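Below: the structure, in structure tokens.
Each value in this text was obtained by applying a stated rule to the coordinates, not by laboratory testing. The structure displayed is predicted, hence computed values, not measured ones. Counting neighbours? That spans all protein chains shown, and the Cβs are built from the backbone with ideal geometry, glycine included.
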Amino acid sequence: MSVTMLLVPLAMAGAAAVKAAADRKADGVCRVATRMRDTGMLGDALRDTGATVTLTDDHAAVRWTDGVDATFSRDAEGIWSAHFSGADEAGAIRKVSEVDAAYGRLVQRAVLERLRDQAPAAGLRLESETVAADTSVRMVFQVQRERA
């Protein structure tokens, strides 16, 4: 018997874009919010988009080489808000989409590593792993039968 898992990257950028449009302020700062739980992954995702990042547990100062700056802060519920300057609404949405995609790739990589590491203890052997053009990953595990 085999088990097939198909891991498809999640796209939360659409929701962030709608939120950004709704929160557009007259002061030229676009505010967006997202629930990215892992601070280290958020920092890595920001760096993956070419940003310079100063990061603490609940705050990040971000600067991209194209002159866009952002301040990320996390509230008590764990939701990050990003306040952009140096970008119009479309530019802020584009940055959020890039960060979201980078964060999603990091989460997917961590899940794949965890599956590979924990499969033997669960009685599974990885038979094959295929990455599709859309970066979805198909893993086929063989269930190991105990011999009496």
When Arg94, Arg145 are ordered from fewest to most other Cβ atoms inside 10 Å of their Cβ, what list results? Arg145, Arg94
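For Glu77, Glu127, Glu98, Glu89, what ranking results if the residue with the fewest other Cβ atoms within 10 Å of its Cβ goes first? If you can, show how the numbers build up before the last one.
Values: Glu77 6, Glu127 12, Glu98 18, Glu89 15.
Fewest-to-most Cβ neighbours within 10 Å comes out as Glu77, Glu127, Glu89, Glu98.
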Once phi is turned into ³J(HN,Hα) by the Karplus curve 6.51 cos²θ - 1.76 cosθ + 1.60 with θ = phi - 60°, what whole-Hz value does each residue of segment 126-142 show in order, with x for glycine and proline? 5, 8, 7, 9, 10, 9, 8, 4, 8, 6, 5, 10, 10, 10, 10, 10, 9
When Thr71, Thr49, Thr65, Thr56 are ranked with the fewest other C-beta atoms within 10 Å first, the list becomes Thr65, Thr56, Thr71, Thr49
